[in-house]
Amino acid sequence: MLSPEELERYARHIVLQEVGGPGQAALKRARVLVVGAGGLGSPALLYLAAAGVGTLGIVDDDTVSLSNLQRQVIHGTPDVGVSKVESATVAIGRINPHVAVEAHGARLSAANALDLIAHYDVVADGCDNFSTRYLVSDACYLAKKPLVTAAMGTFDGTLTTVRAHERGPDGKPNPTYRCLFPEPPPPGTVPACAEAGILGALTGVLGSLMALEVIREIVGFGEGLVGRLLMFDARAMRFETLQYAWDPSNPLSGEHPTIKDLSLHA
């Protein structure tokens, strides 16, 4: 499965007992869709490419602007005005030519989400708005795909993994994103990044953790973040973990679900 050049490239992974040759081969076979090539998606894509994930899909309809460069490290000054998926594709090719990139220069929507997600093994969501975050979460549940999702504040961030299409060791369904946050906040109550600001290096921390969790999902080592919300406070330099469980009343996978397709996102 791995060429001599790949064996040398991934040598530090292969000597890890928890990864080894089989784990690296699993990474090479894997197909990961990253939603957003921005602050969170940038470091996630860089580390997933360096780790040898065989196919990376990128979905983003935006172009690179000068104000992005404070945190979106996959892009450079010469990329201003270029589509983010094109810029990210070039950067990934420079890091690791063994990685295939599938660039989707479009906005994820109710019309295309299920078709896009169906072609990947894991979805990593680093979007910057609530409407897309809930769309991705609902679509991953309907498509029966694992989701690693991160979100940012000005000096804080969160990360969790959702495998709501499966059951836990206790036989109960795994929680959905809506078990944790049933509904998005009302429009206008949470200021956008352009209004509130964001610490650039913070996106690197959460984006790297998102990549690490995707790698863990593929290789299978350790304990993942299903049913656990990892919270990072950059002011206090403190990590905390919140446990959450399946909510029988959640509208997606509860006892009486009301969300059965993506029509509410149309």
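Between residue 249 and residue 8, what length in nm is gained on full extension when 0.36 nm per residue of separation is reduced by their alpha carbon distance?
Working: separation 241, 0.36 × 241 = 86.76 nm, distance 5.07 nm.
Result for the pair: 81.7 nm of gain on full extension.
Relative contact order, percent, of the chain when contacts are C-alpha pairs under 8 Å separated by at least 6 residues? Mind showing how you got there, number by number?
Numbers: 519 pairs, mean separation 51.1, N = 266.
Result for the chain is 19 percent.
Within segment 144-162, whose backbone N sits under 18 Å from a point 7 Å along Cα→Cβ of residue 237?
Counting backbone N atoms under 18 Å from the label point, the list is 155-157.
How big is the antiparallel share of DSSP beta bridges in the chain, given as a percent to the nearest 5? Can you show the working numbers first?
Numbers: 18 of 36 bridges.
Here the antiparallel bridges make up roughly 50 percent for the chain.
If you place +1 on the Cβ of every Lys and Arg, -1 on the Cβ of every Asp and Glu, and leave all else neutral, what size is the dipole of the chain about its Cα centre, to the nearest 20 Debye? Could the numbers behind the result be given before it?
Working: 21 positive and 28 negative charges, 63 e Å.
Dipole magnitude for the chain comes out near 300 debye.
Give me the distance in nm between label points sitting 7 Å out from Cα along the Cα-to-Cβ direction at residue 95 and residue 170, one decimal.
So the two model labels end up 3.7 nm from each other.
Find the accessible area per residue for segment 1-102; the probe is 1.4 Å, ligands and nucleic acids are left out, and the unit is Å². Kindly include the intermediate steps, with their values, before the conclusion.
Details: 4540 Å² over 102 residues.
Result: 45 Å² of accessible area for each residue.
Rounded to the nearest 0.05, what FRET efficiency is calculated for residue 221 and residue 192 with R0 set to 41 Å and r the Cβ-Cβ distance? Walk me through the numbers on the way to the answer.
Working: r = 37 Å, r/R0 = 0.89.
Calculated value: 0.65.
What does the charge count near residue 124 come to, summing +1 for each Lys or Arg and -1 for each Asp or Glu among other residues with Cβ under 10 Å from its Cβ? Intermediate results must be reported in sequence, preceding the final value.
Details: positive: none; negative: 125, 213, 217.
My count for the surroundings of residue 124 gives -3.
Residues in segment 161-189, backbone N under 15 Å from the label point at residue 228 (7 Å along the Cα-to-beta-carbon vector): list them, ranges by number please.
Correct set: 161-163, 169, 175.
Order of 191-200, 122-131, 15-24 by packing, highest average Cβ count within 10 Å first? Don't jump to the answer; show the numbers that get you there.
Values: 191-200: 12.6, 122-131: 22.1, 15-24: 14.8.
Those peptides, ordered most packed to least, come out 122-131, 15-24, 191-200.
What is the gain in length, in nm to one decimal, between residue 69 and residue 256 on full extension, counting 0.36 nm per residue of separation less the C-alpha to C-alpha distance? Display every interim value, and only then the final one.
Working: separation 187, 0.36 × 187 = 67.32 nm, distance 4.52 nm.
Extending this stretch completely gives an extra 62.8 nm.
Where a ≥ b ≥ c are the square roots of the eigenvalues of the C-alpha gyration tensor, would you call segment 88-239 rounded, which needs a/c under 1.5, or, failing that, prolate if a/b is larger than b/c, or oblate?
On the way: a/c = 1.20, a/b = 1.05, b/c = 1.15.
It is rounded, given that a/c, with a ≥ b ≥ c, falls under 1.5.
Listed highest first by mean packing, meaning other Cβ atoms within 10 Å per residue, what order do 223-233, 166-176, 83-93 come in?
Details: 223-233: 16.4, 166-176: 14.5, 83-93: 21.1.
Ranked from most to least packed, the peptides come out as 83-93, 223-233, 166-176.
The values are calculated or read from the model by the stated rules, or taken from the named source; none is laboratory data. This structure is a prediction, so every number in the text was calculated from the model and none was measured. FYI the Cβ positions are ideal-geometry reconstructions off the backbone, even for glycines, and counts take in every protein chain you see. Protein only, heavy atoms only, side chains kept; ligands, DNA and RNA dropped before computing areas. Shrake-Rupley method; radii C 1.70, N 1.55, O 1.52, S 1.80 Å.
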